[in-house]
C-alpha cells in the first residue's frame, strides 16, 4: 500500500463515524466553497483599497482561479485518467463525483484564489489558505480524492496564481510606462 493510499485511509476513516461529523464534512467539502467566493467579494467590496486596486485584485484572482480550474485541470484530466478512490478502494463515500480524480479541481481553484489574495493582502491570504485546506482535506475525508490529488491541485493553483499575478503586473507596468 502506497503512502498516498495510507494517508487516504487515515483521513477517510473519519467519515461514517456519526451523522453530525458526516454532515460537517459534506458542508466543508461541498458548500464552504460557495462561502469562500462570497467572502472574497465581501472583503474586496468593503476593503479600504482604491477602486483600481479592488478591480485588479478581483480580475487577477478570477483569472487565476478560472485558468487553474477550467484550463490546467481539464488539460491534465484529458491526458491522465485517475479514478476516484471510492471506485477503486473500499472507502466511505459521502459525495458523488463522476470526473477524474487528479488533480483536484476544488484544490486547484481554491489554492489559486488563496495565493492570488495572499499576493495582495497577506492577512486575508492566510485565511483563504486555511479555508482552501479545510475544503481540500474534507474532500479526502469524503472519499472523492487521494491526498496526492489535493497536493497536485494545490501546487498547480499556487503556481498559476503566481504566474497570473506576475503577468498582470508586468502587463500593467508596461501599459503605465507607455502612457508616460
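The values are calculated or read from the model by the stated rules, or taken from the named source; none is laboratory data. Computed from a predicted structure; not experimentally measured. All Cβ positions, glycine included, derive from the backbone under ideal geometry; neighbour counts span all protein chains shown.
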Out of (1) assigned to a loop (DSSP other than H, G, I, E, B); (2) out of contact with any helix residue (DSSP H, G or I) (no Cβ under 6 Å at 6 or more places or on another chain); (3) buried (at least 17 other Cβ atoms within 10 Å of the Cβ), the one residue 56 does not meet is (1)
Which residues, taken from the stretch 71-86, are within 17 Å of the chain's Cα centre (by Cα) and over 12 Å from residue 99 (Cβ atoms)?
71, 72, 75
For the stretch 105-121, does any single residue satisfy the condition of being under 22 Å from residue 58 (Cβ atoms) and surrounded by fewer than 17 Cβ atoms within 10 Å (Cβ to Cβ)?
no
Name the residues in the stretch 66-103 that are part of a loop (DSSP other than H, G, I, E, B) and more than 12 Å from residue 146 (Cβ to Cβ), would you?
80, 81, 90, 92, 93, 94, 95, 96, 97, 98, 99
Please indicate, with yes or no, whether at least one residue in the stretch 35-43 is closer than 19 Å to residue 148 by Cβ, assigned to a helix (DSSP H, G or I) and modelled with pLDDT of 95 or more.
no
Among the residues in the stretch 21-32, are any outside any helix (DSSP H, G or I), touching a helix residue (DSSP H, G or I) at 6+ places or on another chain (Cβ under 9 Å) and either under 26 Å from residue 161 (Cα atoms) or at pLDDT 95 or above (or both)?
no
Test for residue 137: is it more than 21 Å from residue 49 (Cβ to Cβ), touching a residue at least 24 places away in the same chain (Cβ under 8 Å), out of contact with any helix residue (DSSP H, G or I) (no Cβ under 6 Å at 6 or more places or on another chain) and not in a helix (DSSP H, G or I):
no
